[in-house]
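J.: Pasting a structure below so you can have a look.
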Amino acid sequence: MTSVTFRPKAKLVSMLGESLISDNSVGLYELVKNSYDADASSVLVELTDTKTQKKTALVIRDDGTGMTINDLLEKWMTPANPHKAETKHGAGKTEKGRSPLGEKGIGRFAVHKLGRQLTL
């Protein structure tokens, strides 16, 4: 028997974002929810340069725990990584004692609904 694997193209990520995130408000909610899961005490959502669409920027800042480069590459940039689900069903709590709201990793696709460029 021959072994075969899926070989998704990068466009799949933007297609998933368009399909899983119904509108901009849901996308924004998903990203703020990520801040909560990162134990943020505050989240700042800022819309800048709204006069020109090409210059408009949505900035989301929080004071959460953040990600290491390994977290970014191995968890956030890897769709379907079971990290949040394992946390939720394992120890079940963040350092501040919160139950994570997200577990499916849909929030990462929100950036594709909300804009064309992401800076972390």
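The values are calculated or read from the model by the stated rules, or taken from the named source; none is laboratory data. It should be emphasised that the depicted structure is a prediction, and the values quoted were computed from it without experimental measurement. Glycine gets a Cβ as well: all are built from the backbone with ideal geometry, and neighbour counts include every protein chain shown. Protein only, heavy atoms only, side chains kept; ligands, DNA and RNA dropped before computing areas. Shrake-Rupley method; radii C 1.70, N 1.55, O 1.52, S 1.80 Å.
J.: Of all the residues that make up the stretch 63-81, how many are farther than 19 Å from I106 by Cα and charged (D, E, K, R)?
T.: Of the residues in that region, 1 qualify.
J.: Look through the stretch 39-89, keep the residues that are at pLDDT below 90 and of a type in the set (A, V, I, L, M), and return whichever of them is farthest from L101 (Cα to Cα).
T.: L73
J.: Pick from K33, K9: which is out of contact with any strand residue (DSSP E or B) (no Cβ under 8 Å at 6 or more places or on another chain) and loosely packed, with under 10 Cβ neighbours inside 10 Å?
T.: K9
J.: Among M15, M1, which is the only one that is in a helix (DSSP H, G or I) and open to solvent by 70 Å² or more (accessible area, probe 1.4 Å)? Please lay out each step first, then the result.
T.: On the way: M1 fails: in a helix (DSSP H, G or I).
Checking each option against the conditions leaves just M15.
J.: Note down all Cβ pairs under 7 Å where the first residue falls in the stretch 106-118 and is farther than 18 Å from K55 by Cβ, the second is of a type in the set (F, W, Y) and not in a loop (DSSP other than H, G, I, E, B), and they're at least six residues apart or on different chains.
T.: From the stretch 106-118, the pairs are R108/W76.
J.: Can you name the residue in the stretch 36-52 that is part of a loop (DSSP other than H, G, I, E, B) and not aliphatic (A, V, I, L, M) and, of all such residues, is surrounded by the most Cβ atoms within 10 Å (Cβ to Cβ)? Talk me through it step by step, then tell me what you get.
T.: Applying the first criterion (part of a loop (DSSP other than H, G, I, E, B)) to the stretch 36-52 yields 38-42, 49-52.
From what is left, the residues that are not aliphatic (A, V, I, L, M) are 39, 41-42, 49-52.
Numbers: D39: 17, S41: 10, S42: 9, D49: 10, T50: 9, K51: 6, T52: 7.
Across the stretch 36-52, the extreme among qualifying residues is D39.
J.: Name the residues in the stretch 68-81 that are touching a Leu at 6+ places or on another chain (Cβ under 8 Å) and either without any contact (Cβ under 8 Å) to a residue 24 or more places away in the chain or in a helix (DSSP H, G or I) (or both), would you? Write out each step before concluding.
T.: Taking the stretch 68-81 first, the residues touching a Leu at 6+ places or on another chain (Cβ under 8 Å) are 72, 79.
L72 - this is the single residue of the stretch 68-81 that is touching a Leu at 6+ places or on another chain (Cβ under 8 Å) and either without any contact (Cβ under 8 Å) to a residue 24 or more places away in the chain or in a helix (DSSP H, G or I) (or both).
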